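Everything on this sheet refers to the single structure shown next.
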Amino acid sequence: MVSSNFHILLFLCSIIFLNISPSINAKISFKPKALVLPVRKDASTNQYIVQLRQRTPLQPKRFAVDLGGPYLWANCDADYVSSSYKAARCGSSQCSLADTKDCRDCFESKSGPGCFNNTCRLYPENTVSGRTLISGVVSQDKLALHSTNGFNPSKFVTLPSFVFVCGSSNLLEDLPKGVIGMAGLGRTKISLPNQFSSSLSNFHNKFAICLTSSTSSNGVIFFGNSSYVFLPGLDLSQQLLYTPLIRNPVTTATSPQKEEPSSEYFIGLTSIKINDKIVSIKKSLLTINSTGFGGTKLSTVTPFTVLEASIYKSFVSVYEKQVGNVPKVAPVAPFELCYKSSSFPRERHGPEVPFIDIVLQGKDVFWRLFGSNVMVQVSKDVLCLGFVKAREDFPPKTPITIGAHQLEDILFEFDLDRSRIGFAGSLLGYRTSCARFNFTSIA
Ligand SMILES: *[C@@H]1O[C@H](CO)[C@@H](O)[C@H](O)[C@H]1NC(C)=O
Ligand SMILES: *[C@@H]1O[C@H](CO)[C@@H](O)[C@H](O)[C@H]1NC(C)=O
Ligand SMILES: *[C@@H]1O[C@H](CO)[C@@H](O)[C@H](O)[C@H]1NC(C)=O
Ligand SMILES: *[C@@H]1O[C@H](CO)[C@@H](O)[C@H](O)[C@H]1NC(C)=O
């Protein structure tokens, strides 16, 4: 009795408080715990696309998802019309949040978004093409997306002053058609998850991605503290195994413009097993040294896992041996080991082929790749082992980049507050998939 009266009192207080409380984030009239975005695979580039509403009036704009990317960048050269756009003046709090002291003027013929005097700069990179713009104006504008209760999208949330960086038209090369930039989910103060948690109150610094191989339905990205419910009603937040996130102290940008830690997500891979047979890997390749070389990272912009040449050779030879007496067919680039599709029966997880374990901090902590994550259907009749060899003449800084094909239909939670990654087994094993989040809005 006492406690229920107390609750009513609290409830009344909170109504009064909400009505009179002045707030800089006046547009945020309720406090979402989590946000949600549909994510769609583009068939021609194998990149993943999200649509965000930005600017005033709000306009839907498409961005390629970059899991390890440092921030949102958008082409400001064309069609940037918004009454709420602001460039970040040198010395402003936006510049310090963006961690840049690079201050410049603009001498182009017309000023406008992307060209103002006395503004701070960053260096947006197209991580697909490897091109970098050496002067991108740090900016802010409105950004909006749906909140979620973990089951469906719900009310719209508008962030009045979301920090992003202006890119240019020539930075869009190799991105899907209709995309105007990249949405970085990486480890900086101005990445999407970090800004959501710093600008919304009590919002966990955490997000989860669930990519689908389908190019005609949506996978999902959650931000904040959410359950992750997939039809017909499986909550994956209850099924996660965890591994620590590892920090690479040295930037992994293609053309670094300043010294900073990498914004990408590294994990402590300790071995790779194929049908329980260990792939031999030189130990030194698995740890990150003081110049930032070594280790294993996750990437959504890399379509297929890329292995340093010596690892790749050992990996393919173990795989081929495990497949056994199945005749090979002519390789289809960039893959080397290909078979007739009809050589393998199909099961829930795709073609029935040897499985691969990505083993982490202990022998019981691993995620298992079954047929659909292992093989790529390159044509109606041909399947190839979906891993590629890194260049030998120019070895990659990171010897193992786990690419998107190997992340599909597995949910990964990036918990930045607790510096760990959670993952669940393939959703196909639970008879659902990343395409089965219920996007019917209950707003
Ligand atoms: C920046 O200032 C210079 C003069 O210092 C001027 O020539 C130029 O037009 C200004 N640019 C913009 C975008 O206002
Ligand atoms: C996170 O959300 C779940 C339900 O979605 C809730 O049970 C849990 O208490 C929340 N955790 C925190 C720390 O708020
Ligand atoms: C780190 O590894 C790279 C690549 O193997 C090597 O070139 C570099 O010298 C190493 N740095 C240190 C400090 O050991
Ligand atoms: C999706 O959610 C809506 C709203 O809650 C509900 O009406 C609908 O039945 C759900 N769809 C499925 C397939 O369960």
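The values are calculated or read from the model by the stated rules, or taken from the named source; none is laboratory data. Values in this document were obtained by computation on a predicted structure and should not be read as measured data. Using ideal geometry, Cβ is built from the backbone for each residue, glycine included, and neighbour counts are taken over all protein chains shown. Quick note on the areas: whole protein, heavy atoms, side chains included, nothing else; ligands and nucleic acids left out. Shrake-Rupley method; radii C 1.70, N 1.55, O 1.52, S 1.80 Å.
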If you check Ser139 against the conditions, is it touching a residue at least 40 places away in the same chain (Cβ under 8 Å) and closer than 28 Å to Pro176 by Cβ?
-> yes
Which one is farthest from ligand 2 (Cβ to nearest atom), of the residues in the stretch 134-153 that are open to solvent by 40 Å² or more (accessible area, probe 1.4 Å) and not in a strand (DSSP E or B)?
-> Ile134
With respect to Tyr71, is the statement that it is more than 30 Å from Ser237 (Cα to Cα), more than 16 Å from ligand 4 (Cβ to nearest atom) and either open to solvent by 10 Å² or more (accessible area, probe 1.4 Å) or not basic (Lys, Arg) (or both) true?
-> no
Picking from Lys321, Lys297, the residue that is touching a residue at least 60 places away in the same chain (Cβ under 8 Å) and not acidic (Asp, Glu) would be Lys297
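So how many residues does the stretch 268-292 have that are within 16 Å of ligand 3 (Cβ to nearest atom) and either assigned to a loop (DSSP other than H, G, I, E, B) or among the aromatic types (Phe, Trp, Tyr) (or both)?
So the count comes out to 8.
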So which residues in the stretch 325-384 are of a type in the set (Asp, Glu) and assigned to a strand (DSSP E or B)?
-> Glu347, Asp357
Which condition does Phe156 not pass, out of (1) open to solvent by 20 Å² or more (accessible area, probe 1.4 Å); (2) of a type outside the set (D, E, K, R); (3) under 22 Å from Leu97 (Cα atoms), if it passes all the others?
-> (3)
Output for Cβ contacts, cut-off 8 Å, separation at least six or different chains, first residue assigned by TED's automatic domain parsing to the domain that holds Val359 in the stretch 267-290, second among the basic types (Lys, Arg) and crowded, with 17+ Cβ neighbours inside 10 Å, reads Ile267/Lys297; Val279/Lys273
Among residues belonging to the stretch 235-268 that are among the charged types (D, E, K, R) and over 18 Å from the mean Cα position of the chain (by Cα), point out the one that is most open to solvent (accessible area, probe 1.4 Å).
-> Glu259
Pick from Ser227, Ser201, Ser191, Ser214: which is modelled with pLDDT under 95 and either away from ligand 1 (no atom under 16 Å from the Cβ) or surrounded by fewer than 19 Cβ atoms within 10 Å (Cβ to Cβ) (or both)?
-> Ser201
Taking Asp381 as the residue in question, decide whether it is touching a helix residue (DSSP H, G or I) at 6+ places or on another chain (Cβ under 6 Å), open to solvent by 30 Å² or more (accessible area, probe 1.4 Å) and touching a residue at least 40 places away in the same chain (Cβ under 8 Å).
-> yes
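One line per residue, one yes/no per condition, for (1) more than 16 Å from ligand 3 (Cβ to nearest atom); (2) buried (at least 21 other Cβ atoms within 10 Å of the Cβ):
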| residue | (1), (2) |
| --- | --- |
| Trp367 | yes, yes |
| Pro396 | no, no |
| Thr401 | no, yes |
| Ser419 | yes, no |
| Phe439 | yes, no |
Cβ pairs under 6 Å, 6+ apart or interchain, first in the stretch 36-48 and outside any strand (DSSP E or B), second open to solvent by 10 Å² or more (accessible area, probe 1.4 Å), ordered by first then second residue, are Asp42/Ile49; Ala43/Thr215; Asn46/Pro303
